[in-house]
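The values are calculated or read from the model by the stated rules, or taken from the named source; none is laboratory data. As the structure is a computational prediction, the values presented were derived from the model and not from experiment. Cβ sites come from the backbone with ideal geometry, for glycine too, and all protein chains shown count toward neighbours.
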Amino acid sequence: MTHTFDVNNKSKLDNPKRREMLPVNQVLVEIGLRAGDTFADIGCGIGYFTISAAEVVGEKGMIYAMDVQPEMLEVLKQKVKESELTNIRTILTEDNDFKLEESVISYAFICTVLHEVDDKVGFIKEVVRILDDSGRIAVVEWRKSESDWGPPVNHRMDHCEVEQLLLEAGFMNHSLVILNEHFYIVMATK
């Protein structure tokens, strides 16, 4: 059984320690997010990356902030309202149903979510479905080592597991960035 993040702990999703361990702007630079991208923040939670990503993609870009937990999206909606950004759309999704049309996303972003998914193959197939023909994907996950933060080590995914999952789904041009002792990023193109 996978570890699912408890919505009652949502304050852990944005605090000084997490900002230090998982620096938003550094991650967005590492993944190559750019102006005009149509970005799916899949499993966005309370929007840890959403607002900054919306600023990067600009007025010609769009952010689809997607989560299965309505409580998370309510927090994000308040942040969006306060930011006055108009390029963010929140979407309540279901497992392996992202509620989007085919081929509408240029960049899929999945941060510390994949290890929580029961049907990882079905999940990645849904990502493939919403990505356009030259779409990119970035998966940020916890390194598979003991630490004081994050899910239990036996619930974490080694980067090789993520790379294999993407390869089997037809992604190409894989690259790996070891962000720090806590996280890695696997990137690929459709």
| note | Condition set touching a residue at least 40 places away in the same chain (Cβ under 8 Å) and in a strand (DSSP E or B), scope segment 35-66, selection farthest from the chain's Cα centre (by Cα): answer is Thr38
| request: Please work out which residue is farthest from Ile130 (Cα to Cα), limiting yourself to segment 33-82 and to residues that are touching a Ser or Thr at 6+ places or on another chain (Cβ under 8 Å) and among the basic types (Lys, Arg). | output: Lys79
| request: Please state which one of Leu131, Leu167, Leu179, Leu114 is in contact with a His (Cβ under 8 Å, 6 or more places away or on another chain) and either at pLDDT below 95 or among the aliphatic types (A, V, I, L, M) (or both). | output: Leu167
| query | Restricting attention to segment 134-150, and to residues there that are at pLDDT below 95 and among the acidic types (Asp, Glu), which single residue is surrounded by the most Cβ atoms within 10 Å (Cβ to Cβ)? | reply | Glu146
| query | Is it the case that segment 69-89 has a residue that's touching a residue at least 12 places away in the same chain (Cβ under 8 Å), among the acidic types (Asp, Glu) and not in a helix (DSSP H, G or I)? | reply | no
| What are the residues in segment 116-133 that are surrounded by fewer than 23 Cβ atoms within 10 Å (Cβ to Cβ), over 23 Å from Ala54 (Cα atoms) and in contact (Cβ under 8 Å) with a residue 40 or more places away in the chain, if any? | Glu116, Val117, Asp118, Lys120, Val121, Lys125
| field | Residue check for Glu181: surrounded by fewer than 13 Cβ atoms within 10 Å (Cβ to Cβ) and outside any strand (DSSP E or B) | value | yes
| note | Counted residues in segment 72-98 being modelled with pLDDT of 95 or more, closer than 18 Å to Thr112 by Cα and acidic (Asp, Glu) come to 0
